[in-house]
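Enquirer: Below is the structure I would like to discuss, written out as structure tokens.
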Amino acid sequence: TAGALSPIEYARSQSESSCAGLGLASLFSPPVPRGSRNVMRSQLDEDLDHVVRVTGRLWDSIRGARLFVTGGSGFFGRWVVTSLLRADEDHSLGVSLTILTRDAERFRAAAPEVVAHPSVRLHAGDVRSFAFPEEDADLVLHLATVPTPPADPATIFDTVVAGTRRTLDYAIRA
């Protein structure tokens, strides 16, 4: 029904104290890099440790890579970025990430542990029209999409098509 909350939205709407007894509060928070201070480990952090450990050999292919990431401040992108940072820490990969973000201050407030990581640099811009970073990238991860709440169909189409075109133009140049 219209206006009903999804289970995730409902859990997020509850205060941390009401979810703490059930262990739900940590389920809806992204994992954080290990170097972060004063962070209570969640089941998801433990799962991420397991995934990074099990996929250990796969990470060698990005050793020393410079990555450019669109959409890194979004829900899915933040998980990918956090996974990369955890793998970097666990396997001493020496990667560097340049993350395109529309709003650096909002990203900094939402994910201070990611933004403060020494391997991360923010690059301000909209995926449809961003200025190319001066440095080249070895890998480009295009994870950007339309932010929530969903925009009108024309904006969605423009963001997806123009954003992909702009990201590909950068990838070709890099």
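Values in this text are rule-based calculations from the coordinates and carry no lab data. Note that the coordinates shown come from a computational prediction; the quantities given were computed from them, not determined experimentally. All Cβ positions, even for glycine, are placed from backbone atoms using ideal geometry, and neighbour counts span all protein chains on display.
Enquirer: Set Lys and Arg Cβ to +1 and Asp and Glu Cβ to -1, take the dipole of the range 59-174 about its Cα centre, and tell me which of Ser61, Gly72, Gly163 lies farthest positive.
Expert: After comparing all options, I get Gly163.
Enquirer: If each residue of separation counts as 0.36 nm, what is the full-extension length gain between Trp79 and Ala174 once their alpha-carbon separation is subtracted?
Expert: 31.8 nm
Enquirer: Oh, and also: How many nm is it between the label spots at Asp90 and Thr155, if each spot is 7 Å from the Cα in line with the beta carbon?
Expert: Label at Asp90, label at Thr155, 3.8 nm between them.
Enquirer: Next up: Assuming 0.36 nm per residue, please report the length gained on full extension of the stretch Leu139 to Arg63 beyond their Cα-Cα distance.
Expert: Result: 26.2 nm gained on full extension.
Enquirer: Find, among the GluC sites (Glu not before Pro) in the range 98-163, those assigned to loop by DSSP (not H, G, I, E, B) with at most 11 other beta-carbon atoms within 10 angstrom.
Expert: Glu134
Enquirer: Now for a different question. At 7 Å along Cα-to-Cβ for each site, give me the label-to-label distance between Ala162 and Ser129 in nm.
Expert: According to this spin-label approximation, the distance is 0.6 nm.
Enquirer: Using a cut-off of 12 Å between beta-carbons, work out the net charge of the residues near Thr101 (Lys and Arg +1, Asp and Glu -1, Thr101 not included).
Expert: Overall, the nearby charge balance is +2.
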